[in-house]
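Bear in mind these aren't lab numbers, they're just calculated from the coordinates by the rules spelled out. Remember, it's a predicted structure, so these values are computed and weren't measured experimentally. Using ideal geometry, Cβ is built from the backbone for each residue, glycine included, and neighbour counts are taken over all protein chains shown.
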Amino acid sequence: MDNEPGAAVLSIFEQLIDRIKQMSPKNSGGKPINTRVYSQLTLGMPISPDDYARPWTPIGGSSLAQQFAGGRPGTLPGAAPGGGTEPDVPSPTLPVLRSLEAAWKTALLGRTMLQVVKDDDYREYPTGRHLDFAYESLIMGMRAPPATELSDELKARIKAAERVLYKFDEEGNRIGKTEVHANYLRNVIAAEDARTTLDMARAAANRNPEKLEAFPFTSIPLINAVNRAQEAILAEGGDRVEAAFDTLNAIGVPVQAHMIAKAKREFEAWNLGLTGVPSKIPYSFILPTNWCDPDQPEGFSRLQVTQRDYQSFTNFNQTSGSQFSWHQRAERNSGGGAVSFGFMAFGGRHSSSESSAGWQSTSNAQFRNSFSQSAKGLTIDLEYGLCTIMRPWLISDLFYMRKWTMAEMEKGDISDGTIDGQVNDPHKLLPMIPQQFLVVRNVRISAEEWGADGNQLEERYGSAQGSTMSDQSEFGAAGGVCLGFINFGGTASHAQSSASGQGSQFESRSGSGFFGTTFKNNTLTIKGAQIVAFLSDIVPVSPPE
């Protein structure tokens, strides 16, 4: 076999992509539904836990125990006896700022918007587009169908119910609540307070044996208070108020109007100030939560390819379309100087970007191949996982409604519901939504015989690398290793400089800890995680009319 590294890469590509595509939705007959688009990055996006780990969440992003000694405000870590603080003690707000920054970067990831493709390529819009901007424009332009004209009987029922609840001026406009309505609200609040008092007393008794033994007697006044509050609701006309509400709620509004209004409220509720500037961004999060930490195995699977696997793969699939496709991709990328066919490329630099616009910039990713690809008897071992982008601000139920229209748009201007009809079409407002991305991490490559390549690996990533060889140390930090499209090590120097200023509350790790590479006992170990592909779902025909 002339190029065993290349054959190993093709084999692991084939198995990895097959596993991912098998997870696509299927119909009742078991065939994939042709509404999912796979977009593979030419160069993987290196992920640093320092950028995404422990993001802030609305239900509590940081623990007081991390910020203050004893978990109490006012007790700064390392506080001096006189109440002062040592000048070198980090600010107790640093973990909160870090978690907010991680939430902001995750939100940026959640607004990724890609073009529809059929060749599995990762393709952004030429000038860049953002999912949240397109979605907000959509919900603001949606129109519900007009409500059906009500009968005279229903109109009379509505008018009678409104007279129970509201006061009106001479022109028929509401100007306040009726007395019976206001009394009803006060009595309902009093009943809720009485019930809360009873529940709290019961909970306290359950924690104290003496109180629990006496509770059948001490609870009597609390139970009576609940009953009196309920009686007051009925005694002051509460039944009339509830009947009036039932009448108004039973009339109903067009379901489209309700869903559009709810979608607008949800978008505004999750549009948060994470940026530190007077600008909001919709909040998103990623599942599993440990997706960016290569030391946490939960939620990830293992894939291994040995010499027997890739020899069998090559012999069996040498004329298959999938192998030919991957081979063509590898040759094209290698010829362009961006990715090595095989896995050895050094001298690369890939700038870290806080938006997807910079991930594929060829000016930011340059490698040169310096390996003979002569290794024999390879084993490639890696972890992979499909991570899901959760966007609580995006209500996809809207796209399954019927009989809604869009201001200044025709049927299908948002999406025509197909892949073929939208390939490379920049005019559709929201043709597809990225739902998941593929993360590959913790790659280990061993060989029975490395040949001349083993000397280069030892020189760059073995024990010889260190302070005594400053040029090679710098080379290794800025360089990288490519496993086909999986590019590791491209931002090692950036990650290392970032970690140096990130404080003691988070474990500080150098770039070599996550993006670096080690070569020991004939095994090339590449720690770290990378996003290597996105999986997107085609939006149904929108607007439908």
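How many nm separate the modelled label positions at Ala261 and Asn522, each set 7 Å beyond the Cα in the direction of the Cβ?
The two pseudo-label positions are separated by 7.2 nm.
Setting aside same-chain residues fewer than 8 positions from Lys21, which lysines have a Cα under 26 Å from its Cα?
Those lysines meeting the cut-off are Lys31, Lys118, Lys428, Lys527.
Per residue, how big is the convex hull of region 152-252 when only Cα atoms are used? Give it in Å³.
Working: hull volume 11.5 nm³, N = 101.
Residue-normalised Cα hull volume stands at 114 Å³.
For Lys167, go through the aspartates and glutamates and keep the ones whose alpha-carbon is under 13 Å away, minus same-chain ones fewer than eight residues off.
Leaving aside aspartates and glutamates fewer than 8 places away in the same chain, those within reach of Lys167 are Glu179.
Straight-line reach only, C-alpha to C-alpha below 16 angstrom: list the aspartates and glutamates that Lys264 could link to, leaving out same-chain residues fewer than 8 apart.
The qualifying aspartates and glutamates are Asp132, Glu136, Asp397.
Tell me the label-point distance for the pair Thr388, Asp18, using the 7 Å Cα-to-Cβ offset, in nm and rounded to one decimal.
It works out to 2.6 nm between the two label points.
If you take the beta carbon distance between Arg174 and Met409 as r and set R0 to 51 Å, what does 1/(1 + (r/R0)^6) give as a FRET efficiency, to the nearest 0.05?
Efficiency at R0 = 51 Å is approximately 0.90.
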